[in-house]
Amino acid sequence: MHELSLCESVMRILYQEAEKHRFHRVKTVRLQLGALSCVAPEAIDFCFKAVSKGTLADGARLELLREPGAAWCASCGETVSIKERYDPCPTCGSYELHVSRGDELRVKDLEVE
Amino acid sequence: MCRVCGCSATAGDNADARVAEPGAPQHHAHAPDRDHHHDHGHRHHHQHTAHGHDHGHDYRHDHRRGGVVRAPLNAVHAPGIGQARIIQVEQDILAENDRYAAANRARLKAAGIAALNLMSGPGAGKTTLLVRTIADLGPILPIAVIEGDQETSFDAERIRATGAATIQINTGRGCHLDAHMVGHAIDRLEPAPGSLLIIENVGNLVCPAGFDLGEGARVVLLSVTEGDDKPLKYPDMFHAADLLVVTKTDLMPYVAFDLERCIGFARRVNPGIDVLTVSATDGAGLDAWYDWLKRAAAAGGTTAPSPLRETVPAGR
């Protein structure tokens, strides 16, 4: 359940931002989660509710922006999209893929008041 | 909040974690009662020798509710401040861990210490392999060990019995080590310059994959009793590793484990992964493992950090 510690990191970011931008309540949190990042969106949702209870983000809406996975294929030299780390290159079938996108775990923006 | 001592600056947030002193069961009075509550405004005392970051030690925290700092919720809507607005954050959730990892890496490199992050599911034989490795290699290569487990110091005791310097981190409810915990453990362990530091992560094929500790290389162990399909079942872990060590090969005759299939699966998720096979019981393959360790130690802290987030070669 590393999603719990990731959500606690999100909460720390929220408090840092609250101090910087002087807001009291977070209404929406938008997270970018790459398709290949090692998190389960449902677990993030569940853990966020648990760690935000009684905080400035209590009841905040969590929006998860799923970023697609992409990789550079060493065999055909193309950047291709992949859904899983073990996917072969959709063009040539090679597994010589170097993931270039889809690892994101970011707090994108917040709606606050 | 600090996983080790409860101080405010941290990568992860696990108020339960603590580092056991060599020969002493606990770091300080937080454990083992994880549901305890204590007054705020107290200060923690711990060593910060050569520590690369500042701590706000009298930060408020609440151990009972996940350790998240709770600022007073200002629900009063004063005129003019009730307007909703959008704040651009664009911050990596793991950025704080990565900062601690970079500090650990720089510090280990400066001391010429090669650090390995040893990961596997529970029971794959990490500690058994380490005990055998220290017995065989210890006389020519100083090895220090950081042991991570949710509870107990059983593993540290096994390592300590070999004479190697070791320290136990208990993560409490935590499922992985993070860079801040490891930084504290390095403070206390003080591995000798030029030695090999092996960080035995919490037995778990999922969570440790996402947390850079500042190691030079990542090693994943998979025992033949676990099955040859694990690399596809837990792709993040095998993707993150530099080396796969297949353990307990002496049990191969008794289990349906297809080594070629296992390696094929591992290279599907990580085309560049090295593979070794060993048995700590009958000694098969240990020489190649020792060679690999010696090469890692010779590279010192300059071993290329394992790529957590790959980049496409420029211009392609």
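The values are calculated or read from the model by the stated rules, or taken from the named source; none is laboratory data. Everything numeric here is computed off the predicted structure, so don't read it as measured data. Note: ideal-geometry Cβ built from the backbone for every residue, glycine included; neighbour counts use all protein chains shown. Heavy atoms of the whole protein, side chains included, go into the accessibility calculation; ligands, DNA and RNA do not. Shrake-Rupley method; radii C 1.70, N 1.55, O 1.52, S 1.80 Å.
Inside 10 Å of the C-beta atoms of A:10-18, what's the mean count of C-beta atoms belonging to other chains?
5
Taking the Cα centre of segment B:98-302 as the origin, how large is its charge dipole in debye, to the nearest 20, when only Lys and Arg (+1) and Asp and Glu (-1) carry charge on their Cβ atoms?
My answer is approximately 380 debye.
May I ask you to order B:140-151, B:89-100 by the average number of other C-beta atoms within 10 Å around their residues, highest value first?
Output ranking for B:140-151, B:89-100: B:140-151, B:89-100.
Can you give the average number of partner chain beta-carbon atoms within 10 Å of each beta-carbon in peptide B:266-272, as a whole number?
Mean inter-chain Cβ contacts per residue within 10 Å come to 5.
Under a 1.4 angstrom probe, counting protein chains only, how are B:Asp282, B:Asp229, B:Asp287 ranked by accessible area, largest first?
B:Asp287, B:Asp282, B:Asp229
What does the structure give for A:31-41 when I average, per residue, the other chain Cβ atoms found within 10 Å of the residue Cβ?
3
Among B:Glu190, A:Glu3, A:Glu63, A:Glu84, what's the order by accessible area (1.4 angstrom probe), most exposed first?
B:Glu190, A:Glu84, A:Glu63, A:Glu3
Below 8 Å, C-alpha to C-alpha, sequence gap of six or more: please give me the relative contact order for segment A:7-113 in percent.
37
Taking a 1.4 Å probe, which of B:Lys294, A:Lys108, A:Lys20 shows the most accessible area, and what order do the others take after it?
A:Lys20, B:Lys294, A:Lys108
Using alpha carbons only, what's the Rg to Rh ratio of segment B:158-226 with Rh from Kirkwood?
My calculation of the ratio gives 0.96.
For segment B:100-187, I need the span (max minus min coordinate) of the C-alpha atoms along each principal axis, in Å, sorted largest to smallest.
Principal-axis extents of segment B:100-187 (Cα, largest first): 34, 31, 20 Å.
Using modelled amide H (1.01 Å from N, peptide plane; none on Pro or chain starts), what sits under 5 Å from the amide H of B:Val89, excluding residues fewer than 5 places away?
For B:Val89, whose amide H was placed from the backbone, the distant partners under 5 Å are A:Asp109, A:Leu110.
With every protein chain present, what is the per residue accessible area of segment B:98-302 (1.4 Å probe, Å²)?
34
Could you name every residue in segment B:87-136 that has 20 Å² or more less accessible surface in the full protein assembly than in its own chain alone (probe 1.4 Å, ligands and nucleic acids excluded)?
B:Ile87, B:Gln88, B:Val89, B:Glu90, B:Gln91, B:Asp92, B:Ile93, B:Leu94, B:Glu96
Tell me, what HN-Hα J-couplings in whole Hz come from the Karplus equation 6.51 cos²θ - 1.76 cosθ + 1.60 at θ = phi - 60° for each residue of segment B:176-193, using x for Gly and Pro?
7, 8, 10, 5, 5, 4, 5, x, 4, 5, 5, 3, 7, 6, 6, x, 5, x
Quick one: if you stick a label point 7 Å off each Cα along the C-beta vector at B:Ile87 and B:Ala110, how many nm between them?
It is 3.3 nm.
Any chance you could check the Cα centroid distance between segment A:72-113 and segment B:113-159 for me, in angstrom?
34
Read phi for every residue in segment B:163-175 and hand back ³J(HN,Hα) as whole Hz from Karplus 6.51 cos²θ - 1.76 cosθ + 1.60, θ = phi - 60°, with x for Gly and Pro.
x, 6, 5, 8, 9, 9, 10, 9, 8, x, 7, x, 9
With a/c under 1.5 counting as rounded, go ahead and sort chain A into rounded, prolate or oblate using the C-alpha gyration tensor (a ≥ b ≥ c being the square roots of the eigenvalues; past the cut-off, prolate if a/b is larger than b/c, else oblate).
prolate
Which value, in square angstrom to the nearest 100, describes the accessible area buried between chains B and A on both sides, using a 1.4 angstrom probe?
The contact between A and B buries close to 4500 Å².
If amide H atoms are built 1.01 Å from N in the plane of the peptide, which residues on other chains or at least 5 residues away come under 5 Å of the amide H of B:Leu197?
The answer is B:Ala114, B:Ala115, B:Leu116, B:Ala144.
Modelling each spin label as a point 7 Å along the Cα-to-Cβ direction, I'd like the B:Ala256/A:Ala50 distance in nm, to one decimal.
The answer from the label model is 3.6 nm.
As a test question: what accessible area, to the nearest 10 Å², does A:Lys49 have when a 1.4 Å probe is rolled over all protein chains in place?
Looks like 130 Å² after rounding.
Can you list residues whose amide H is under 5 Å from B:Thr277's amide H, if they're 5+ apart or on another chain and H is modeled 1.01 Å from N?
HN-HN under 5 Å from B:Thr277: B:Val246.
What does the accessible area per residue of segment A:2-112 come to in Å², with a 1.4 Å probe and no ligands, DNA or RNA counted?
Value returned for segment A:2-112: 42 Å² of accessible area per residue.
Label-point separation (nm) for A:Thr28 and B:Ala288, each offset 7 Å from Cα along Cα-to-Cβ?
Here the modelled spin labels are 5.5 nm apart.
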